[in-house]
Amino acid sequence: MPRQLFAAFALSAMAACSGCSSLSTFDYEYGTNVTDQQLAALVVGQSSSQDVAKALGNPERKGKISGRSVWSYRYIRSPAIPFVGLKQHEQIVVFEFNDDGTLRKTRKKVITGDAS
C-alpha cells in the first residue's frame, strides 16, 4: 500500500511540474497583436484602409487628427504569475491615412514593464 501511495504522489508531482512550463498559455491577452511582419506588409503610399482592416480587423479606436483618419491597435499581454521575472508587454500601433484612404504613416510603440 505505501508503495502505491508513493507512486501516485510521484505521478501527481510530475504532472504538476510539467504544467509549469506551459503557464504562458494562461497569460492575460487583450487587443490585436500587430507583428513586425504584418506591419511590413502594409506599405505607406500603397496600402489602403481596407487593406489594414483586412489584415488586422477593426481597430480599437478610430479618430481624426488634422482632418486625417487615424486608427490605433493596442495589445497587452500580462503573465499568468506576476513577480517571477516575467514582464508585461504592451504595444500600440497607429495608422494614419490620407484623404483618399491610402496609408500615409505608421507608428509602433512597444512598452515592456513589470507585470505587477
*Once amide H atoms are built 1.01 Å from N in the peptide plane, which residues 5 or more positions from Q88, or in another chain, come under 5 Å H to H?*
G113, D114, A115
*Backbone HN-Hα couplings from phi across region 53-66 [Karplus 6.51/-1.76/1.60, Hz, Gly and Pro as x]*: 5, 5, 6, 10, x, 5, x, 5, 9, 10, x, 10, 10, 6
*asked:* For S69, what residues show an amide H to amide H distance below 5 Å, using hydrogens built from the backbone and excluding near sequence neighbours?
replied: F97
_Amide H contacts of A80 (H built 1.01 Å from N, under 5 Å, at least 5 apart or other chain)_ = D27, Y28
*asked:* I want to check the label-to-label distance for I65 and D27. Put each point 7 Å from Cα in the C-beta direction and report it in nm to one decimal.
replied: 2.7 nm
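Values quoted throughout were computed directly from the atomic coordinates according to the rules given, and no laboratory measurement underlies them. Predicted model, so just to flag it, every value in this text is computed and none were measured. Because the Cβ atoms are built from the backbone with ideal geometry, glycine has one as well, and the counts that use them run over all protein chains shown.
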